[in-house]
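Below: one structure, written as structure tokens.
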Protein chains: 2
Amino acid sequence: MTRWKLTIEYDGGPFMGWQRQDHGPSVQQTLEEAIHRMTGELATVHGAGRTDAGVHALAMSAHVDIAKVLTEHRLREGLNALVRPNPISVLEVKTVADHWHARFSCIGRRYLYRLLNRRAPAALDAGKVWHLAAPLDMAAMAEGAAFLVGRHDFTTFRSAQCQSDSPVKTLDRLDVAKIGDEIHVTAAARSFLHHQVRSMVGCLAMVGRGQWRAEQMREALEARDRSALGFNAPPHGLYFVEAVYP
Amino acid sequence: MTRWKLTIEYDGGPFMGWQRQDHGPSVQQTLEEAIHRMTGELATVHGAGRTDAGVHALAMSAHVDIAKVLTEHRLREGLNALVRPNPISVLEVKTVADHWHARFSCIGRRYLYRLLNRRAPAALDAGKVWHLAAPLDMAAMAEGAAFLVGRHDFTTFRSAQCQSDSPVKTLDRLDVAKIGDEIHVTAAARSFLHHQVRSMVGCLAMVGRGQWRAEQMREALEARDRSALGFNAPPHGLYFVEAVYP
């Protein structure tokens, strides 16, 4: 049995999310079915993160145990051929130690949220950015974001379905940058609560539009109350960028 | 009657090209139908360039004459609402002089060609880049590209359907740059022959893969013979970037 690390890009649009679901296609299931067709084995693919329906990944990390002897080339090319026409691409495969775990060995996760901030809607990037037509106040957004960085109880920014043991997380980065017509919010932490990035970005958008003062980000955080939340940003602007390992 | 300049972004994927066709949807027709629904007028939208089926635009320029009195806001927002769900976005509208012509007033056109150069196929950018798995020799491509810059007879790089009076064109720029996993070819000229950019990029790909020496770009140009052509790069990697006016 060989443990393989997979690095995977996907367009989350057609999927119910990363995780296998009864009610629709998932990235995990698509990969597991490709492995089954290739090897005859019923293997489980474990991801570093479980992205929601519609959320994309530039480089999700995952692992899977396969008995059949395969080269890196054969596994990567075989998976990329078998997942077609699904928008999933296996960027890299490599063997890892038996105790290496995509989720539990991961010491850092990074997300990108893309906001398109112009009057006209997205054409080329439809489904890849959140379109906000009204001009956003970048400086206020950056000021608001700074209140969330550090170790806090993020109950306000947690979904009712969150399965994390504790609402206390350390947010290492929450950066706001302007890239052409887009505003990019980058979030980095060891781990995140369910919907945390989307709810932080939803509140930052309220700050950017002048519906909230920047300080209301701190007030929302300190309320430790989900009803203090503005709203969740939609999934299609969110990208899982990177899982970091020791 | 007011002459309007439109600046338009579109995903060429679902269209038979810019120009109105009998056998399928076009960007021009989609815009003309939106204008008809908005104004009741049967106006013709004239583009700066007539992109082929599958070719995208970051900012195509066009003009149209409309009798109905409209504000910039009303026209832009109305068109963007009416073209949905087609992947067309009207970025900007403004009034221009009656003699201003999107095609004939244009003094420069710029195209971008995106090659994805990595083993794994595109997932997030599927249909937006040309995927070439084998590593390309960037330096050789840049060397080959330099032979084409300047005033030349581009008969080799012209399609049989080209309607241009003369095969002689002045190519102002043909730059090759590496952007992450992608190679970007930027071409700028006052005007191009039909299929010129795609056939130049097709030949540059042959140079990048080592199937042609860089000097074969010059030999192909000097042959002035379409049978000296390597092949056309596919349309889905090509973007009309900008039309320049005095």
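The values are calculated or read from the model by the stated rules, or taken from the named source; none is laboratory data. Fair warning: this is a prediction, and the values are worked out from it, not measured in the lab. Positions of Cβ are backbone-derived with ideal geometry, glycine not excepted, and every protein chain shown enters the neighbour counts.
Data overview
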| quantity | calculated |
| --- | --- |
| A:Val129 vs. criteria within 14 Å of chain B (Cβ to nearest Cβ) and touching a Gly at 6+ places or on another chain (Cβ under 6 Å) | yes |
| Selection from the range A:24-43 of residues that are in a loop (DSSP other than H, G, I, E, B) and over 23 Å from A:Tyr239 (Cα atoms) | A:Gly40, A:Glu41, A:Leu42, A:Ala43 |
| Single residue of the range A:79-126 satisfying the filter (within 9 Å of chain B (Cβ to nearest Cβ), polar (S, T, N, Q) and not in a helix (DSSP H, G or I)) that is farthest from A:Tyr245 (Cα to Cα) | A:Asn86 |
| Set A:Arg50, A:Arg76: member being surrounded by 17 or more Cβ atoms within 10 Å (Cβ to Cβ), away from chain B (no Cβ under 14 Å) and touching a strand residue (DSSP E or B) at 6+ places or on another chain (Cβ under 8 Å) | A:Arg50 |
| Odd one out for B:Val93, checked against (1) touching a residue at least 12 places away in the same chain (Cβ under 8 Å); (2) closer than 29 Å to B:Arg190 by Cβ; (3) surrounded by fewer than 18 Cβ atoms within 10 Å (Cβ to Cβ); (4) not polar (S, T, N, Q) | (3) |
| When residues of the range B:34-47 are limited to those that are farther than 19 Å from B:Glu242 by Cα and touching a residue at least 24 places away in the same chain (Cβ under 8 Å), the one surrounded by the most Cβ atoms within 10 Å (Cβ to Cβ) | B:Ile35 |
| A:Leu221 in contact with a His (Cβ under 9 Å, 6 or more places away or on another chain), farther than 20 Å from A:Gly12 by Cα and assigned by TED's automatic domain parsing to the domain that holds A:Ala126 | yes |
| Meets criteria (part of a helix (DSSP H, G or I) and of a type outside the set (D, E, K, R)) for B:Val197 | yes |
| Output for the range B:9-23, where each listed residue is of a type outside the set (Gly, Ala, Ser) and part of a loop (DSSP other than H, G, I, E, B) | B:Asp11, B:Pro14, B:Phe15, B:Met16, B:Trp18, B:Gln19, B:Arg20, B:Gln21, B:Asp22, B:His23 |
| Selection count where residues are hydroxyl-bearing (Ser, Thr, Tyr) and within 14 Å of chain B (Cβ to nearest Cβ), scope the range A:1-47 | 3 |
| Which listed residue, of B:Ala140, B:Ala67, B:Ala57, is farther than 23 Å from A:Arg84 by Cβ, touching a residue at least 40 places away in the same chain (Cβ under 8 Å) and within 13 Å of chain A (Cβ to nearest Cβ) | B:Ala57 |
| Residues within the range B:200-234 that are part of a helix (DSSP H, G or I), crowded, with 19+ Cβ neighbours inside 10 Å and in contact (Cβ under 8 Å) with a residue 40 or more places away in the chain, tallied | 10 |
| Selected residue (only one of A:Ala160, A:Ala97 is out of contact with any Phe, Trp or Tyr (no Cβ under 9 Å at 6 or more places or on another chain) and at pLDDT below 95) | A:Ala160 |
| Filter pass, B:Gly202 being at pLDDT 95 or above and on the phi > 0 side of the Ramachandran plot | no |
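Residue-wise test of (1) at pLDDT below 95; (2) among the hydrophobic types (A, V, I, L, M, F, W, C); (3) at negative phi.
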site: B:Thr30; (1), (2), (3): no, no, yes
site: B:Val45; (1), (2), (3): no, yes, yes
site: B:Asp52; (1), (2), (3): yes, no, yes
site: B:Ala57; (1), (2), (3): no, yes, yes
